[in-house]
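*Asks:* Got a structure here, written out as structure tokens. Questions coming.
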Amino acid sequence: MLDDTTIAIPERPGNRRADGFRNILANPHVGLLYLIPGRPDTLRINGRARILRDAPFFDDMVVKGNRPQLALLVEIDQVFYHCPRALLRGGVWQPETWRPQAAPSRAVLAKAHDRRSESVEELEAYYGSRYLERLYQ
């Protein structure tokens, strides 16, 4: 939070896709939805966004030695909570209702949809237990 009506979201290393930024260049109106672990409600922020290449507050966003190269600046128009019914009905925070094996793994999806050249086994290793260690590389 930069002030009562402005937030900045740093761009972090990730899948190196710019879809969201292209969308913002075409239409700056954004809706952000925040899940708060363990709580059934969600926080919604609507506003207008723009992409910044640098600002003094970038220095405050350094994580593990990585300063963001871009940030999304959102001028807030609305903040409100969404009704929790969908999360309650879906058992989102009830681990006993989870069935992660019902969906294909990230590696299988990457192979099928991202047209990756690596084998599924190589992708499983890439997205495996060491993935968290490489988040900021």
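The values are calculated or read from the model by the stated rules, or taken from the named source; none is laboratory data. Note that the coordinates shown come from a computational prediction; the quantities given were computed from them, not determined experimentally. Note that we place each Cβ from the backbone using ideal geometry, even for glycine, and neighbour counts take in every protein chain shown. Surface areas here come from the heavy atoms of the whole protein model, side chains and all, with no ligands, DNA or RNA. Shrake-Rupley method; radii C 1.70, N 1.55, O 1.52, S 1.80 Å.
*Asks:* State which residue pairs qualify: first residue part of a loop (DSSP other than H, G, I, E, B) and inside the range 54-77, second residue of a type in the set (S, T, Y) and at pLDDT below 95 in any location, beta carbons under 8 Å apart, and separation of 6 or more residues or different chains.
*Replies:* K64/Y136; G65/Y136
*Asks:* What residue, among those in the range 88-103 that are surrounded by 13 or more Cβ atoms within 10 Å (Cβ to Cβ) and not β-branched (V, I, T), is farthest from R39 (Cα to Cα)?
*Replies:* Filtering the range 88-103 for residues surrounded by 13 or more Cβ atoms within 10 Å (Cβ to Cβ) gives 88, 92-93.
Add one more test, that the residue is not β-branched (V, I, T), and what stays is 88, 93.
On the way: L88: 9, W93: 8 Å.
Per the criteria, the residue is L88.
*Asks:* Under 7 Å between Cβ atoms, which residue pairs at least 6 apart in sequence (or on different chains) link something in the range 104-131 that is part of a loop (DSSP other than H, G, I, E, B) with a partner that is open to solvent by 100 Å² or more (accessible area, probe 1.4 Å)?
*Replies:* Qualifying pairs under 7 Å: Y127/R106.
*Asks:* Of the residues that sit in the range 5-53 and are in a strand (DSSP E or B) and hydroxyl-bearing (S, T, Y), which one is surrounded by the most Cβ atoms within 10 Å (Cβ to Cβ)? Spell out how you get there, then give the answer.
*Replies:* The first filter runs over the range 5-53 and keeps only residues in a strand (DSSP E or B), leaving 6-10, 29-35, 42-52.
Of the ones still in play, those that are also hydroxyl-bearing (S, T, Y) are 6, 34, 42.
Numbers: T6: 12, Y34: 11, T42: 17.
Residue satisfying both the conditions and the ranking: T42.
*Asks:* Among the residues of the range 66-79, is any at pLDDT below 90, loosely packed, with under 11 Cβ neighbours inside 10 Å and either over 27 Å from Y136 (Cβ atoms) or not hydroxyl-bearing (S, T, Y) (or both)?
*Replies:* Within the range 66-79, none of the residues are at pLDDT below 90, loosely packed, with under 11 Cβ neighbours inside 10 Å and either over 27 Å from Y136 (Cβ atoms) or not hydroxyl-bearing (S, T, Y) (or both).
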